[in-house]
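Scroll down for the structure; my scribbles are underneath it.
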Amino acid sequence: MANEIWTIKRCLEWTKEYLADRGEEHPRLSAEWLLCAATGLARIDLYMRMDEELDTPQLETMHAAVVRRAKGEPLQYITGSTQFRMIDVACAPGVLIPRPETEMLVEEVLNYLDAEVLDPNAATRQRAELPWNDEVEQARKAEAALADERATAERRAANLTAADEAALGGGVLGSRAYAEELADREAEEDAAKATEAEAAEASAPELDEYGIAIEGAGQGAIPAQDAAAPAPVDSRIARILEVGCGTGCISLSLAWERRGHVTCTATDIEPRAIDLATKNREALGLTSGEVAFSLTNLVSSIPREEWGAFDVLVSNPPYIPTDVMRSLPHEVKDFEPDLALEGGADGLDIFRRLLNAAPYMLRSGGLFACELYEGALDAAAELCRQAGLSDVRIVRDLTDRPRIVRAIVTEPKQRQ
């Protein structure tokens with residue numbers, strides 16, 4: 001085999017057929033992702049370089065990966081990473097793989113922070129109404145159109161349908177739901193840079209506080225520096241407590257998407273999870289001051305002086321009922337850690353302990369939010385009401401199943 005010529009095309013076709021013969025539901029897609037990991041190429045680039053030969057290390061990597069996949073091991077463990085919202089997350093055996101449903105849990109927390117805790121500028125940068133903003137907007141639309149064309153070409157080239165993507169989920173394919181938000185942010189950053197450049201060239205007395213040229217300047221117009229400036233807004237740093245952080249995807253996403261406005265404390269009982277989460281934090285360039293990871297059981301490591309100081313307690317705890325564990329797919333039950341999956345007879349063992357801790361950890365008005373098993377949400381919501389939490393809501397996931405319970409702590413407690 002080593003003496004044979006293996007092009008990308010030949011390897012792709014061979015891997016697809018090999019996995020299909022062994023019951024792989026989406027053999028071509030799996031083959032593409034394994035090849036991407038082995039070669040470092042994007043999926044669309046595979047189809048533009050079909051005649052390129054694989055070298056010996058790439059073939060060896062591919063061979064080992066195909067063997068692992070044929071045994072049912074999740075793609076994320078084999079490739080070593082996945083995408084979660086706006087970030088890349090390293091994955092490794094022994095640590096739960098992030099799911100698309102958990103992206104929605106992050107969204108619920110962000111919605112709460114933006115509405116109840118942070119100043120408006122934390123979520124969306126305010127644009128000055130400048131003459132060149134229209135040009136920037138047109139450029140953004142043109143870039144978006146090109147991105148749409150690229151995505152279409154990729155799907156056609158890979159012969160991948162929307163149904164294929166939905167079947168595998170965003171955990172494998174990577175979330176694209178936030179591409180438009182990223183494009184907006186990039187455009188706003190470009191606009192901000194253009195604003196600074198224009199302001200540097202212009203004469204200060206000729207501009208008002210928004211950077212727009214003053215008509216009739218020098219003929220009695222009010223100088224810009226004499227115009228009333230808007231009152232400064234006091235910004236507050238939101239404090240997040242996450243229990244059971246796994247890869248760190250929740251806390252890291254919160255800190256990344258609201259950087260400078262959020263700090264997170266995240267705990268896990270599994271040393272491999274803490275090590276992996278720390279690796280992911282370093283890869284993003286975040287600091288321990290922005291996201292601190294702690295090896296502990298639930299909230300045991302939280303200092304007493306920090307009780308009642310958190311704005312949010314968020315968790316994706318073990319929540320699969322014991323009886324359901326036996327019916328999980330092979331690649332989940334035989335490869336992912338039971339410690340991060342099983343939640344007791346009704347799936348709510350850890351949830352009850354978190355609910356008990358929430359009034360001690362959260363300030364008045366703080367948010368308690370958990371991802372749970374679809375059949376346990378009504379019971380979880382009732383437990384929240386019985387515990388005295390208010391505004392109890394159940395949020396449905398992308399497949400319209402009940403998935404998240406969220407509630408507000410109105411009466412914090414202090415342990416004697």
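The values are calculated or read from the model by the stated rules, or taken from the named source; none is laboratory data. As the structure is a prediction and not an experimental result, all values here were calculated from the model. Positions of Cβ are backbone-derived with ideal geometry, glycine not excepted, and every protein chain shown enters the neighbour counts. Accessible surface areas use protein heavy atoms only, side chains included; no ligands, DNA or RNA. Shrake-Rupley method; radii C 1.70, N 1.55, O 1.52, S 1.80 Å.
Leu377 satisfies every condition listed in (1) farther than 22 Å from Glu103 by Cβ; (2) open to solvent by less than 80 Å² (accessible area, probe 1.4 Å) except (1).
Just wondering, is there one or more residues in the stretch 268-290 that are modelled with pLDDT of 50 or more, assigned to a strand (DSSP E or B), closer than 30 Å to Asn111 by Cβ and among the charged types (D, E, K, R)? Scanning the stretch 268-290 turns up at least one residue that is modelled with pLDDT of 50 or more, assigned to a strand (DSSP E or B), closer than 30 Å to Asn111 by Cβ and among the charged types (D, E, K, R).
The rows are residues; the columns are (1) touching a Lys or Arg at 6+ places or on another chain (Cβ under 6 Å); (2) within 30 Å of Glu305 (Cβ to Cβ); (3) surrounded by 17 or more Cβ atoms within 10 Å (Cβ to Cβ).
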residue: Cys384; (1), (2), (3): no, yes, yes
residue: Ser390; (1), (2), (3): no, yes, no
residue: Ile394; (1), (2), (3): no, no, no
residue: Asp397; (1), (2), (3): yes, no, yes
residue: Asp400; (1), (2), (3): no, no, no
residue: Arg406; (1), (2), (3): yes, yes, yes
residue: Val409; (1), (2), (3): no, yes, yes
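Can you find, within the stretch 358-374, the residue that is nearest to Pro412 (Cα to Cα) among those that are open to solvent by less than 10 Å² (accessible area, probe 1.4 Å) and assigned to a helix (DSSP H, G or I)? This residue is Pro359.
Quick one: would you say Val117 is of a type in the set (Val, Ile, Thr) and touching a His at 6+ places or on another chain (Cβ under 9 Å)? Judged against the criteria, Val117 is a match. Would a scan of the stretch 308-325 turn up a residue that is at pLDDT below 95 and not in a strand (DSSP E or B)? Checked against the condition, which is being at pLDDT below 95 and not in a strand (DSSP E or B), the stretch 308-325 yields no hits at all. Would you call Leu96 closer than 16 Å to Leu252 by Cα and in contact (Cβ under 8 Å) with a residue 40 or more places away in the chain? Against the criterion (closer than 16 Å to Leu252 by Cα and in contact (Cβ under 8 Å) with a residue 40 or more places away in the chain), Leu96 qualifies.
Here Gly344 meets each of (1) more than 24 Å from the chain's Cα centre (by Cα); (2) closer than 17 Å to Asn316 by Cα; (3) part of a helix (DSSP H, G or I); (4) not basic (Lys, Arg) with one exception, condition (3).
Okay, residues lined up against (1) β-branched (Val, Ile, Thr); (2) open to solvent by 60 Å² or more (accessible area, probe 1.4 Å); (3) touching a helix residue (DSSP H, G or I) at 6+ places or on another chain (Cβ under 6 Å):
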position	(1), (2), (3)
Phe310	no, no, yes
Pro329	no, yes, no
Glu342	no, yes, yes
Leu348	no, no, yes
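Against the test of being assigned to a loop (DSSP other than H, G, I, E, B), within 23 Å of Pro98 (Cα to Cα), open to solvent by 30 Å² or more (accessible area, probe 1.4 Å) and among the charged types (D, E, K, R), the options Glu25, Glu4 yield a single qualifying residue, Glu25. Within the stretch 25-42, if we keep just the residues that are among the charged types (D, E, K, R) and at pLDDT 90 or above, the residue that is farthest from Gln76 (Cα to Cα) turns out to be Arg28. Of the residues making up the stretch 63-100, those that are open to solvent by 40 Å² or more (accessible area, probe 1.4 Å) and part of a strand (DSSP E or B) are Ser81, Gln83, Asp88.
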